[in-house]
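Asker: Let me give you the structure first, and then I'll get to my questions.
The values are calculated or read from the model by the stated rules, or taken from the named source; none is laboratory data. Treat the numbers as computed from the prediction; the structure is a model and nothing was measured. Note: ideal-geometry Cβ built from the backbone for every residue, glycine included; neighbour counts use all protein chains shown. Accessible surface areas use protein heavy atoms only, side chains included; no ligands, DNA or RNA. Shrake-Rupley method; radii C 1.70, N 1.55, O 1.52, S 1.80 Å.
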Amino acid sequence: MDARSIREQFPILNQEVNGHPLVYLDSSATSHKPLAVLEAVDAYYRNDNSNVHRGVHTLGTRATDKYEGAREKVQQFINARSTKEVIFTRGTTTAINTVAHSYARANLEPGDEVIITPMEHHSNIIPWQQAVKATGATLKYFELHDDGTLNMEDVKKSIGPQTKIVALTHVSNVLGTINPIKEIVELAHRQNAVVLVDGAQGAPHLKVDVQEIDCDFYCFSGHKMCGPTGIGILYGKQELLEEMEPVEFGGEMIDFVHLYDSTWKELPWKFEGGTPIIAGAIGLGAAIDFLNQIGMDEIEAHDQKLTNYAMKRMREIEGLEIYGPAADKRSAVVTFNINGVHPHDTATALDSMGIAVRAGHHCAQPLMRWLNATATARASMYVYNTEDDIDQLVSGLTRTKEFFGNVF
Amino acid sequence: MSFDNLDTLYRQVIMDHYKHPRNRGKLEGDALVVDMNNPTCGDRIQLHLEVEDGKVKDAKFDGEGCSISMSSASMMTQAVKGKRVEDALRMSELFSDMMLGKEIDSGDLELGDIEALQGVAKFPARIKCATLAWKAMEQGVEKK
Ligand SMILES: Cc1ncc(COP(=O)(O)O)c(C=O)c1O
């Protein structure tokens, strides 16, 4: 894959920040959008804007076709059995909350267990805290090894007949750890527990086949995979979604409305109350076309190569600590700290050189406590990043270390 | 590549307060205690205040955070110690204005080291780090 020609499709990268060419290393927070996505959203608003599934006029039909066309692209992208299993949501957070509200509240009882991991993003922790509080079930955590990978012995021991839901991230947004989700799904299914996978960092970087993984729910966000903000996906197995109650009620999701009772539309629309995120869905469809053009295998290989390179180069910097597993067990994320320099100060120094990294707790406070760090800095990469970006980062980090070494 | 920009932020005085914080620790007895954090980034401060007869008699802080938040806390405790509560609150207001990049007239109030934080105004992402301790102080004296 030629990252340089890919870069040209991201006009935002072609700018100076604080007098330096922008080096964007914060794609785990949100990725940039290629021209094809910007144009698809623009074309929809310019030519086809209309509400979907209503009325008979031509624009309405075009909008509906594009919106439902995007759903088919998502279905193929993750290899879902049918479009009934693909629900448009506002993002990963809303998708997880839908399951935690609907499925969890209906199926959990006192004595039941929900198990998650210490490496979850807040959006895959709090919905479960709330669900167990509401039902009297118990929340538990799998253990991690010191390198930030899951302790599979503990996973095997922990999942039992009392386990009803296992929820875990495909890829950690802090450590980059890629979890063996297929193996965990197998273990959980043996005990009749369902598995929800937080795919916010998985879907952008890895080829996802939900039938092969056999997970029950897979949630992800468009904005981290070259799509617009405000659109995401809840994939669920049809038989589970069929039995679940909607969590939002109103227009679009109903079949018949009587004075005191109503019935729901069939899947997937019963979970899509109100005017949906039409432009967002169309933008996500265009993002999927874009990623497919490059090829997910290519993207995975590119990420792996860049991560290897970044870790090798960053290790050359004395006094820089890298968190998480070896390069071959992680996705395109490197979280680190420079000894004696607070990550905010690191991020401000890098920003003054045009280099964008994230600093803070990365919406993973329990993981920060596990790492014994109050905050960390994180460089994350995607299709448009190159080894040159990493070289800039490394020289920026060296200068940052010097700068704070001198002022202290 | 120049670091001019950074030098306006990380002044020597700031680094000195970061490395050698003044009034770090806790107050014994029935001091007012305020916990505050910056949820977007994890900076955290615990402020202890002894307020008597409308005056801030003593102030100490504990916490974790970047050089800006910790040096600002150190400077704040130094500045408000011995001040009347209304003066401490006036200083806090002056400080907020300074962070907004406004011209400020401190009048009879000595800003001292605090002025070194003026450069933060040019780094919008860091203003919350600098104001954390002042917000904690405001909340503390209002508790009284
Ligand atoms: C692992 C993980 N899960 C969930 C989320 C939440 O995604 P969103 O904010 O798009 O709902 C994120 C985003 O930062 C993430 O990295």
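Asker: Pairs B:Lys83/B:Lys128; A:Lys84/A:Lys157; A:Lys33/A:Lys305; A:Lys66/A:Lys270; A:Lys140/B:Lys60; A:Lys73/A:Lys140: which exceed 28 Å Cα-Cα? Could the numbers behind the result be given before it?
Answerer: Values: B:Lys83/B:Lys128 24 Å; A:Lys84/A:Lys157 35 Å; A:Lys33/A:Lys305 22 Å; A:Lys66/A:Lys270 19 Å; A:Lys140/B:Lys60 38 Å; A:Lys73/A:Lys140 36 Å.
Result: A:Lys84/A:Lys157; A:Lys140/B:Lys60; A:Lys73/A:Lys140 exceed 28 Å.
Asker: Let me ask something else. Rounded to the nearest 0.05, what FRET efficiency is calculated for A:Thr275 and A:His122 with R0 set to 25 Å and r the Cβ-Cβ distance? Mind showing how you got there, number by number?
Answerer: Working: r = 28 Å, r/R0 = 1.13.
Computed FRET efficiency for A:Thr275 and A:His122 comes out at 0.30.
Asker: In whole Å, what is the distance between the alpha-carbon centres of segment A:245-260 and segment B:90-136?
Answerer: 53
Asker: Across peptide B:41-49, how many C-beta atoms of other chains are within 10 Å of each residue C-beta, on average? Each step should come with its number before you reach the end.
Answerer: Working: counts 10, 12, 6, 2, 0, 0, 0, 0, 0.
Averaged over the peptide's residues, the number is 3.
Asker: Right, something else. By accessible area of protein heavy atoms, probe 1.4 Å, what ranking do A:Ile322, A:Ile78 get, highest first?
Answerer: A:Ile322, A:Ile78
Asker: B:Lys55's amide H: which non-local residues (gap 5+, or another chain) put their own amide H closer than 5 Å, with H modeled 1.01 Å from N in plane and none for Pro or chain starts?
Answerer: B:Val85
Asker: Averaged over peptide A:375-381, how many Cβ atoms belonging to another chain are found within 10 Å of each residue's Cβ?
Answerer: Values: counts 7, 1, 0, 0, 0, 0, 0.
The shielding value for this peptide is 1.
Asker: Seen from all sides and averaged, what is the projected area of the convex hull of the Cα atoms in segment A:232-322, in nm²?
Answerer: Working: hull surface 40.8 nm².
Approximately 10.2 nm², given one-decimal rounding.
Asker: Can you bin segment A:168-308 into rounded, prolate or oblate? Criterion: square roots of the alpha carbon gyration tensor eigenvalues sorted a ≥ b ≥ c, rounded for a/c under 1.5, prolate for a/b above b/c, oblate for the rest. Could the numbers behind the result be given before it?
Answerer: Working: a/c = 2.84, a/b = 1.49, b/c = 1.91.
Oblate is the answer for segment A:168-308, as a/c is 1.5 or above yet b/c matches or exceeds a/b.
Asker: Using the Cα atoms of segment A:359-398, I'd like the radius of gyration and the largest Cα-Cα distance, Dmax, both in angstrom.
Answerer: Gyration radius and largest Cα-Cα distance of segment A:359-398: 13.1, 34 Å.
Asker: What is chain A by shape, rounded, prolate or oblate, if you read a ≥ b ≥ c off the alpha carbon gyration tensor as root eigenvalues and call it rounded for a/c under 1.5, prolate for a/b larger than b/c, and oblate otherwise?
Answerer: Working: a/c = 2.13, a/b = 1.28, b/c = 1.66.
Oblate shape, in that a/c is at least 1.5 and b/c is the bigger or equal ratio.
Asker: Springs between alpha-carbon atoms under 10 Å, Gaussian network over chain B: tell me which of B:Met15, B:Met99, B:Met76 tops the mean-square fluctuations.
Answerer: With Cα springs under 10 Å in chain B, the top fluctuation among B:Met15, B:Met99, B:Met76 is at B:Met15.
Asker: Per the helix-only calculation at 222 nm, which mean residue ellipticity applies to chain A, given -39500 (n - 2.57) for every DSSP H run of n ≥ 4 and division by its residues, nearest 500 deg cm²/dmol? The partial results should precede the final answer.
Answerer: Details: 15 runs with 161 residues, N = 408.
That comes out to -12000 deg cm²/dmol.
Asker: Mind jotting down the distance between the C-alpha centroids of segment A:45-105 and segment B:15-87, whole Å?
Answerer: 51
Asker: So, one more: Which order do A:Tyr260, A:Tyr384 take by accessible area at a 1.4 Å probe, largest first? Write down the numbers at each step before the final one.
Answerer: On the way: A:Tyr260 210, A:Tyr384 0 Å².
Descending accessible area places them as A:Tyr260, A:Tyr384.
Asker: Looking at the protein assembly as shown, what % of its DSSP beta bridges pair antiparallel, to the nearest 5?
Answerer: Working: 44 of 63 bridges.
Here the share of antiparallel DSSP bridges comes out near 70 percent.
Asker: Per-residue Cβ counts within 10 Å, from other chains only, averaged over B:58-68: what number is that?
Answerer: The per-residue average across the peptide is 3.
Asker: Using a Förster distance of 25 angstrom, determine the FRET efficiency expected from the C-beta separation of A:Glu402 and A:Ala356, and round it to 0.05.
Answerer: It comes to 0.75.
Asker: If packing is taken as the average count of other Cβ atoms within 10 Å, what order do A:333-340, A:311-318 fall into, highest mean first?
Answerer: Working: A:333-340: 21.0, A:311-318: 14.1.
Peptide ranking by packing, descending: A:333-340, A:311-318.
Asker: Just reorder A:Arg378, A:Arg46 by solvent-accessible area, largest first, 1.4 Å probe, all chains present.
Answerer: A:Arg46, A:Arg378
Asker: Sorted from largest down, give the three principal axis spans of the alpha carbons of segment B:3-143, whole angstrom values.
Answerer: 46, 33, 25
Asker: Classify segment A:97-177 from the C-alpha gyration tensor, please: rounded if a/c falls under 1.5, else prolate or oblate depending on whether a/b exceeds b/c.
Answerer: Numbers: a/c = 2.64, a/b = 1.46, b/c = 1.81.
Oblate shape, in that a/c is at least 1.5 and b/c is the bigger or equal ratio.
Asker: Please name which of B:Ala125, A:Ile299, A:Ile184 has its Cα lying farthest along the dipole of the protein assembly as shown towards the positive end, using unit charges on Cβ (Lys, Arg +1; Asp, Glu -1) and the Cα centre as origin.
Answerer: Farthest towards the positive end: B:Ala125.
Asker: Sorted by packing (mean other beta-carbon atoms within 10 Å per residue), highest first, where do A:343-354, A:58-69, A:278-289 land?
Answerer: Highest-to-lowest ranking by the protection proxy: A:278-289, A:343-354, A:58-69.
Asker: Roughly how much of A:Glu266 is accessible, in Å² to the nearest 10, using a 1.4 Å probe?
Answerer: 110
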